[in-house]
Amino acid sequence: MRCSFLAILALQVASRTFEERSVRDLHEHGLLPESDVAGLRLRSVYIAHRSSELVEAKGSEGRGGPEEEAQAAPKRKPWRLSRTHVPDHFDSRDFDEDSLENTHRGRLLTGYPKSELLETALGIGFAFRTPRDKVLSVAALLAASTPLAAYNVTYHYEKWRPTYNNGTSPYVNWCENSTVDCLTLENATMGEALAEIEASIFTASREEIKTAAGDHYVQDHFLGLRESTCENTESTGERCFGDEGVAMSFYEDDDSKILVFQAGLGESDRNNLLWQNKAWIIESFEAAMKEQWVLNAQQASSSEISARKAADAYEFPLRCGFLDEAYSPIIDKSGLTLAVESVAQTTLEDEGLWPLIKLIVRERLTEGVTEAKTVYLAGTGLGGSHAALVSMWLKKNEDKSYDTYLIAAPGFQCIARDKYSKDLTPSDTHSQLMIYTHVMDALAGSVDQYSGTVCHYGLRNFTSSESFYDYCSRMIGHTGPEIFWRSTTVTTTTAEDATEEDLELIAEYAQNISSAQEAFDQCHRFTHSVWYALILLSSEDVLNLDGTTDGGCETVDPIDADDKYTVCPNTDQATTDCENFFAPSAEVSMEMLAIIVGSTGGVIAFCAVVGILVVRHVQKNAMEDVVSSNDQGPPSTGCFARLMRNCGVYLGAKGVDRAKDARLRAKRARDKRRNRNFQEKTTLLVEGVVDSGAASSAGALPTTVGREAEDALEAGMEEGGAEHSKKKEKKDKKDKKEKKEKKAKKGEVEATQETEIVDAVSVRVVKDDEVHGTEHVRPEDVTIGTDDLLGGRVVEKELLGRKKGRKRDSRDTE
């Protein structure tokens, strides 16, 4: 028996040695499968090898003939399938680099080696003692709640192809950094293979976080329309890539409850973002991204960034195309209405996913019930925006303020004002909101407006040495429509008569936009990732004990109720600009253009001819003065000179000053009229003095040239009585006769007075007793002064005479 035992033991050792050798042979021939099962370690494998066992043929007895005997002969069993132990060195990485086993390392390991930073982040655990503990616990839950459908390799690779092809990944432990548990950067670990490696790492890491949470992590919950090919048809199953609705995870321990709102997936998530923030992206995204680059990331602006601003002729087709594009967070509204019967389709069209969000919250937080445990709200991506809206909604309707943590979430102020103001009050102070965003996450920090406490992380790591720094820098300076509008329809403003240079400029602009969109996507593969956020926040250099970050925290006030500074934009201006930009221009045919030009030219020619004739007529007399002037020479003669004279241009007339001639002619005319009036009035007043002295005994009346003289003369004539009236009639007849004579002599008078200008006269009418009294009045007693025509001066003698006459009259009366 002892010998039998030893024989059996020898056979087992030989068999094990053979099987271990067989494992190595299978690996060398590429026949040993890899194990990607998370949390397991491969200890054994089935091996098929040749067998030496003979098998007798059944039913061969009693048969005759050589053929029958051959068939009845015992046969060898060709293959044997056995399960064998896998040697430890196939699972170990601690090999000598020159050893044979080093060529087999990693073949039987579970999953792929995670980077040291990710391993550190996964070992944080769950705690809610300090602000730092709370932020890290929430970040871990957000990463763990991301469904497996989010790691769709095809979708990820098509979106982030450049960085995958370069082998860029902060989640993989590359051999450049370590020789233990690492992957070599080669073709087999780059491109789409790298997307698969990342998906495997995320899957394993997710399960590791859930394992650490234990029974406190409650399964996910979904509300909405399931994808037709989705196997998880129950509401508690994970979300699938084509599902339409909202998903929430739940964590609960002895002291805390955390509602975790998941981000959307694929194109539906992108459409939801654009539906909510179209106006902001058109009007405010460009400036917000520049501000984020300078203030949050603390990077310098440059002329290159300013030069990326394209002319309207290039940018407006994209802007207007984005404006006209219809975005919706829900594709199959009727199907979703059937899946969630309590929500009307019109409500979904107006409010998007908001009605579903309120329903799913009420499944965990019953209205009117006071929770004994501390309740937290959390979310990432658009799930973070939804968490903020829910927090504001519960504060308004139940007066309950739950601490809310958002990581890599877009803003929410304007969408709350625009669509959900009936359920919440965004203008109130919401200090319960705590937002954490990467310094260069434009999908979060440059979309809409935050309120609450906003902390920026990743500043210490955002340097030119980062693999994605260059991508982030290349997207700054472009507008929102240039970044977000990814329509398959090509819109250009190429005219039919565009030159080769125009076509080259258009092609260059299209290439620049394509490069900007690529840079935007590659930058946000890291800055907008919750896994990258978990890695950074795990460092004490990034996240402090009090919850502040390396990029700093600030309190952002809410937008006032009236939005007096117009923080939240609308699309009115963009609509007007696009209407004007694409307004059809009036097309004028050549025939119509010829008619317009011909008629206009005819009218102008007619007006020119009439003007020339009028000018010629007006200038005829003026030319005589110009020719006769002493300081001017004779004008030129000839047809051209006459034509120019008709146009007012006098060729050959030297020293011509038409303005001066006009002033002289006007002055002479005024002097003629003035002297003529003076002569007539002087004659009239002198005759009136003589007639008045002979016929009237009334007092002397002072008379002046002008209207006052005429009034005084009329007054004296009235005092003279009827005799004065008769003499006045004679005088009138005499005046008429003298006027006729004056007309004949008018030429001579004008000639003598043309150069003499009489300033003025002052005349007084003396009394009758002064003329016929004892004292003879001489002609020189009638004083002629130098006053102007508007007033006369009465000499002192006249005043004394009038006083004596008044005294005499008073004595006679007594």
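A residue that is in contact (Cβ under 8 Å) with a residue 60 or more places away in the chain, on the phi < 0 side of the Ramachandran plot and either of a type in the set (A, V, I, L, M, F, W, C) or not assigned by TED's automatic domain parsing to the domain that holds S487 (or both) occurs nowhere in region 343-350.
Has region 324-332 got any residue that is buried (at least 16 other Cβ atoms within 10 Å of the Cβ) and modelled with pLDDT under 90? Within region 324-332, one or more residues are buried (at least 16 other Cβ atoms within 10 Å of the Cβ) and modelled with pLDDT under 90.
Considered as a group, the residues in region 157-175 that are in contact with a helix residue (DSSP H, G or I) (Cβ under 9 Å, 6 or more places away or on another chain) and assigned to a helix (DSSP H, G or I) include one that is surrounded by the most Cβ atoms within 10 Å (Cβ to Cβ), and that residue is Y164.
Applying the set (1) assigned to a loop (DSSP other than H, G, I, E, B); (2) more than 21 Å from S249 (Cβ to Cβ); (3) without any contact (Cβ under 8 Å) to a residue 60 or more places away in the chain to T154 leaves exactly one unmet item: (1). Within region 547-606, the residues that satisfy the criterion of being without any contact (Cβ under 8 Å) to a residue 12 or more places away in the chain, under 25 Å from K278 (Cβ atoms) and part of a loop (DSSP other than H, G, I, E, B) are D562, K564, Y565, T566, A583. Condition check: farther than 24 Å from E158 by Cβ and at pLDDT below 90. Does K309 satisfy that? Spelling it out, K309 is indeed farther than 24 Å from E158 by Cβ and at pLDDT below 90. In the set L394, L389, L424, only one residue is farther than 25 Å from P569 by Cα and either among the basic types (K, R) or crowded, with 18+ Cβ neighbours inside 10 Å (or both); that residue is L394.
Is it true that some residue in region 379-396 is farther than 28 Å from A127 by Cα, out of contact with any Phe, Trp or Tyr (no Cβ under 7 Å at 6 or more places or on another chain), in the same structural domain as L225 (by TED's automatic domain parsing) and part of a helix (DSSP H, G or I)? Yes; the residues of region 379-396 include at least one that is farther than 28 Å from A127 by Cα, out of contact with any Phe, Trp or Tyr (no Cβ under 7 Å at 6 or more places or on another chain), in the same structural domain as L225 (by TED's automatic domain parsing) and part of a helix (DSSP H, G or I).
Within region 368-394, the set of residues being out of contact with any strand residue (DSSP E or B) (no Cβ under 8 Å at 6 or more places or on another chain) and of a type in the set (F, W, Y) comprises W393 only. Among the residues making up region 497-534, a single one is aromatic (F, W, Y), closer than 23 Å to R270 by Cα and within 22 Å of the chain's Cα centre (by Cα): F520.
The values are calculated or read from the model by the stated rules, or taken from the named source; none is laboratory data. Note that the structure is predicted; figures quoted are calculated from it, not measured. When we count neighbours, we look across all protein chains shown, and the Cβ atoms used for this are built from the backbone with ideal geometry, even at glycine.
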